[in-house]
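The values are calculated or read from the model by the stated rules, or taken from the named source; none is laboratory data. Computed from a predicted model, the values in this text were never measured in an experiment. Glycine gets a Cβ as well: all are built from the backbone with ideal geometry, and neighbour counts include every protein chain shown. What goes into the accessible areas is simple: the full protein's heavy atoms, side chains included, and nothing from ligands, DNA or RNA. Shrake-Rupley method; radii C 1.70, N 1.55, O 1.52, S 1.80 Å.
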Amino acid sequence: MYRFYLKQGQTQFLFPVTPAKLEVKTDNHNETVSILHVGEVNILKGRGLEEIRFTALFPNRSYGFVQTENQWKAPSYYIQTLRTFQEAKMPVQLTVFRQIADGSLLFSDNKEMVLEACTMTEKGGEQGDIWADIVLKEYRRSQSIAYKPLPQNGGNGNQAVQQNVQRPAKTPDKTYEIKKGDRLWKIAKKELWDGSKYKEIAKKNNIQNPSLIYPGQILQL
C-alpha cells in the first residue's frame, strides 16, 4: 500500500486515492559547445532539480478504495488546499509511504518540494470526480550574496564585489644560519614558502649532497 501526503506549515492532507504511478525526473545541465579545430565537446555541470509528476484522483463520493484518516472530504477541499499551497509562495513537504501486504514498511520518502503546477480535469460521466495532474520540483534553498556599495565617484547602484585575498609574499632573508635538526627542504619551505626550492639553495651554496649540512653553516638564499 502506498500513501501520499502533502504538507505546508500546519496543513497536511492524505491523497484519498493513491496515484497509479510516480514519475521522477532529474536532468544535468550539461552544455555542448563547438571549439575551433576540435569540434563539439561536453561541458559537464551539476545535477539539476529533481522533478516529480503524478496524477491524483479526488473522488466525489466515498468509494471503497478511498483512503481517509478522519473523514471523507469533497474534491473542493483538495482543490482549495492546493491553490492555497501555491499562493503561499512556500515549499511543501511530500511524504510517500510504501508498505507491502504483510504490513512491513519498504521505505519512505520525505522531500521538500515546490508545487510547480496543478492541472484539474473533470471527465464527463464520472459524477463530479476530479483528476489533478501535479508537478513538484525539488526545493533548493538559495544562499545569500554579500553586496558592497561602490564608491560615489564610480558606478551606479550597488553591485556585487568579489574580493580576492592573497597572502603577501614573504621576502626571504639574504642569509640563513643552519641550526641543529635543519634540512634543506625544511629551510626552503620556511624561508621561501616552497620546499622544492631546496635544490636551488644547494646549487647556490655549492652543496654537492643536500643531505650533508652542518649547524652553524651560513647559507645564501
Which value in nm describes the separation of the simple spin-label points at residue 60 and residue 83, placed 7 Å from the Cα toward the beta carbon?
-> 1.8
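Share of Cα-Cα pairs in region 1-114 beyond 24 Å, in percent? Please list the in-between numbers first.
Values: 2727 of 6441 pairs.
Value for region 1-114: 42 percent of Cα pairs lie more than 24 Å apart.
Given a 1.4 angstrom probe, what's the average accessible area per residue across the chain, in square angstrom?
Details: 16000 Å² over 221 residues.
Per-residue accessible area for the chain comes out at 72 Å².
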Rg in Å to one decimal, and Dmax rounded to a whole Å, for the chain via C-alpha atoms = 33.6, 102
Just need the relative contact order of region 1-137 here, percent rounded to a whole number, with Cα pairs under 8 Å and 6+ apart.
-> 28
May I ask which of 7/123; 7/89; 25/123; 174/197; 45/111 have a Cα-Cα span longer than 18 Å here?
-> 7/123; 25/123; 45/111
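Please report, as a whole percent, how much of the solvent-accessible surface of the chain comes from carbon and sulfur atoms (probe radius 1.4 Å).
On the way: 7660 of 16000 Å².
Percent of accessible area from carbon and sulfur atoms in the chain: 48.
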FRET E, pair residue 38, residue 72, Förster distance 45 Å, beta-carbon r, rounded to 0.05 | 0.10
Going through region 31-132, which GluC sites (Glu not before Pro) have at most 14 other Cβ atoms within 10 Å and a DSSP loop state?
-> 69, 126
